[in-house]
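Below you'll find the structure, written out as structure tokens, and then a few comments.
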Amino acid sequence: MDAMDRKILTELQKDGRLTVTELASRVRLSVSPCHRRLRDLEREGAIRGYRAVVDPAAVGLHFETLVFATLRWESPETVTAFEEAVAGIPHVLQAQRLFGEPDYLLRVATADLAAYQRLYDERLARLPGVQRLTSTLVMKNVVDDRPLPA
């Protein structure tokens, strides 16, 4: 990846709806080479996809929680089962496996505290291999969905 590829990625992170012509203009490249580089970045996986960034509150998700999960170590299959189950819960916006304890950090969005309690009782507390869950309420997102540095 060279400096021009990084410029393309920077511009697309600012506005993923740019046409190839607009993108080429912004990075000062002609359309054909810009399009070729864009296809290469997509094919190589540097660009994983395009999507709209939606404000959770605009769709009724006003309550955000960080959930720290510690697993009982039973077997590698426990980890796989936990990860597959977490991936199947739409309200889990992010799930990250961590070094040390806790084992996982989950970012969860729900409508309100009551909805989170139902999700916790019905889904999260029943995840395979869970030893302990600790929830921390998000007061405010200070930095959210920031583009990657160039």
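Rolling a 1.4 Å probe over the heavy atoms of the protein chains gives the chain an accessible area of 69 Å² per residue.
Residues whose amide H comes within less than 5 Å of that of Asp103, counting only those at least five positions distant or on another chain, are Ala69, Thr70, Leu71 (H built at 1.01 Å from N in the peptide plane). Each Cα pair under 8 Å and six or more residues apart adds its sequence gap; the mean of these over the residue count of the chain is a relative contact order of 28 percent. Within the full protein context, the accessible area of Asp40 is estimated at about 50 Å² for a probe radius of 1.4 Å.
In order along segment 124-131, phi translates into HN-Hα couplings of 5, 5, 9, 4, x, x, 6, 9 Hz, rounded to whole numbers, per the Karplus curve 6.51 cos²θ - 1.76 cosθ + 1.60 with θ = phi - 60° and x for Gly and Pro. Candidate membrane-span-like segments in the chain, meaning DSSP H helices with Cα atoms spread over at least 27 Å of their own axis and a Kyte-Doolittle mean of -1.0 or above, do not occur, with no membrane implied either way.
Sorting Glu101, Glu11 by accessible area puts them as Glu101, Glu11; the probe is 1.4 Å, largest comes first, and only protein heavy atoms count.
Ordering 104-114, 57-67 by mean Cβ neighbour count within 10 Å, with the highest value first, yields 104-114, 57-67.
Tell me which residues come under 5 Å, amide H to amide H, from Ile47 once H is placed; ignore anything under 5 positions away on its chain. Long-range HN contacts for Ile47: Glu42.
Ranking Phe99, Phe82 by solvent-accessible area of protein heavy atoms (1.4 Å probe, all protein chains present), from largest to smallest, gives Phe99, Phe82.
The values are calculated or read from the model by the stated rules, or taken from the named source; none is laboratory data. This one's a predicted model, so the numbers in the text were calculated from it and none came from an experiment. Every residue, glycine as well, gets a Cβ built from its backbone with ideal geometry; the counts of neighbours run over all protein chains shown. With ligands, DNA and RNA removed, areas are computed over all heavy atoms of the protein, side chains included. Shrake-Rupley method; radii C 1.70, N 1.55, O 1.52, S 1.80 Å.
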